[in-house]
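The values are calculated or read from the model by the stated rules, or taken from the named source; none is laboratory data. As the structure is a computational prediction, the values presented were derived from the model and not from experiment. So basically every Cβ, Gly included, is an ideal-geometry build from the backbone, and we count neighbours across all protein chains shown. Calculation scope for accessible area: heavy atoms of the full protein, side chains included, ligands and nucleic acids excluded. Shrake-Rupley method; radii C 1.70, N 1.55, O 1.52, S 1.80 Å.
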Amino acid sequence: MLSYIGRRLIFVGPQLVGILLVSFLLLKLIPGDPAVMMLGPFATDDGLARLRSELGLDRSVFEQFGLYLWRVLHGDLGSSWQTTMPVTTDLAQRFPATLELVTLSLLLALLIGMPLGVAGARNKTGVLRKIADYYGLVAGALPDFWFALVLIFVLYTMLGIVPAPLGRMDFTVIPPPTITGSLLIDSLVSGNWPALKNAAGHLILPVLTLGFINAAPILKMTQSTMQTMLDADFSRYAEMCGLPPQVVARKELRNALPSVITIVSVLYGFLIGGAVLVEIVFSWGGAGQYAVQGVLNADLNPVLGFVLYSAVLSLVIYLVVDLIYFAIDPRTR
């Protein structure tokens, strides 16, 4: 196990450099001059030239990337000209908000998708199979930002049972001291129950949005893999031996878990940046929204910092998934 982890860690450095290089080159293709954005439309030519020289924008693209990579190796991700703060500080404030939202959303998606997938696979006909099929079709076709607006209209505007979709917490509530960056965890640890209740209320709408939409691929993967397991020889043999259906279903689900874990890990990495529209709708202030603002304003350091953080997190997730494979599938050992 340790040797396997060591071999994986060897390739982390080259992978991150490659990801940063591709991202850097793609960002350079986007129209827009950071110097003009920073100094405004009334900047003089001398001022623009001086700022470009200070930022290294007068050098070749590969020289600029080399300078950026050298700063990254020394722990400096640069600063954002929009917030005037170091990128590491900005991401430390915003990344926990995105991780909290994505993690809870995927947990909800698992609670919806896996039972429906198992039920749809084991029932060839009937109400449960129809519910699973129709749910997969509807949830897979809905745009998440549109569904978020529908939930806001129904649950907040019409029924008034959820807080206003404005950020992670009401301005009138005293936030807990920052420990992990997750308002739920920090409120629970510090015993700030009003903040815990308020933060949980603000999570309802975005978590429902992402959980409902992303349960569809989990449902489809669970259903298709379970159907394969139902037709496998070990399932037929277990049924012939008279094992209870619940026992056979547990064995089938365990054999289907690697595929389900794979799709969950892919969704986790995707949602870190893919949930940006939902973050914008709910004014969530997460890392994805921060990166998009950087792209729109030619502020490259936040974008590259977000890419680096996301890449490291994705590599960690895939390593954890491989370790889970070792735990649940004896054939990998």
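Simple rule: put +1 on each Lys or Arg Cβ and -1 on each Asp or Glu Cβ in the chain, find the dipole, and look at Asn255, Pro245, Ala195; the Cα lying farthest toward the positive end is Pro245. In the chain, Cα pairs under 8 Å separated by at least six residues give a relative contact order of 26 percent.
Taking only DSSP H segments of four or more residues, each worth -39500 (n - 2.57), what value at 222 nm results for the chain once the sum is divided by all its residues, to the nearest 500 deg cm²/dmol? Calculated from helices alone, the mean residue ellipticity at 222 nm is -24500 deg cm²/dmol. For the stretch 1-107, chymotrypsin sites (Phe, Trp or Tyr not before Pro) meeting the loop criterion (DSSP other than H, G, I, E, B) and having at most 13 other Cβ atoms within 10 Å: Phe11, Phe42. Translational diffusion of the stretch 206-333, estimated by Stokes-Einstein from the Kirkwood radius over alpha carbon pairs at 37 °C in a medium of 0.692 mPa s, is 190 µm² per second.
What the Cβ-Cβ distance of Ser283 and Thr180 gives, at R0 = 22 Å and to the nearest 0.05, is a FRET efficiency of 0.55. Here is the size of the chain from its Cα atoms: Rg then Dmax, 23.8, 86 Å.
Highest mean packing comes first when the peptides 108-114, 259-265, 119-125 are listed by Cβ atoms within 10 Å, giving 108-114, 259-265, 119-125.
Per residue, the accessible area of the stretch 161-268 comes to 51 Å² when a 1.4 Å probe rolls over the protein heavy atoms.
Since only Ser60, Gly75, Leu101 are under comparison, the one whose Cα sits farthest along the positive direction of the charge dipole of the stretch 1-146, derived from C-beta charges on Lys, Arg, Asp and Glu, is Leu101. Between Pro175, Pro245, Pro163, the Gaussian network model of the chain with springs among Cα atoms under 10 angstrom shows the greatest mean-square fluctuation at Pro245.
Share of carbon and sulfur in the accessible area of the stretch 1-94 stands at 66%, probe radius 1.4 Å. The candidates Thr98, Thr88, Thr172, arranged from most to least accessible area with a 1.4 Å probe in the full protein assembly, appear as Thr172, Thr88, Thr98. Remark: the Thr89-Arg50 segment gains 11.3 nm on full extension, using 0.36 nm per residue and subtracting the alpha carbon distance.
With 0.36 nm allotted per residue and the present C-alpha distance subtracted, the Phe11-Glu63 stretch has 16.3 nm of extension available. Element breakdown for the stretch 214-263 at a 1.4 angstrom probe: carbon and sulfur atoms account for 61% of the accessible area.
Taking Gly32, Gly305, Gly47 in turn, the Gaussian network model of the chain (Cα-Cα springs below 10 Å) assigns the largest fluctuation to Gly47.
When only the Cβ of Lys, Arg, Asp and Glu is charged (+1, +1, -1, -1), the dipole of the chain relative to its Cα centre reaches about 1180 debye.
Accessible area per residue (1.4 Å probe, heavy atoms of protein chains only) ranks Glu63, Glu252, Glu54 as Glu54, Glu63, Glu252, with the largest value leading. Protein-only accessible surface at a 1.4 angstrom probe places the residues Asp322, Asp46, Asp170, Asp231 in the order Asp46, Asp231, Asp170, Asp322, largest first. In whole percent, what relative contact order does the stretch 213-333 give with Cα contacts below 8 Å and a gap of six or more residues? Value for the stretch 213-333: 22 percent. Translational diffusion of the stretch 26-102 was estimated from the Stokes-Einstein equation, with Rh taken as the Kirkwood radius over Cα pairs; at 37 °C and 0.692 mPa s the coefficient is 227 µm²/s. If R0 is 51 Å, the Cβ-Cβ spacing of Leu39 and Glu239 corresponds to a FRET efficiency of close to 0.10.
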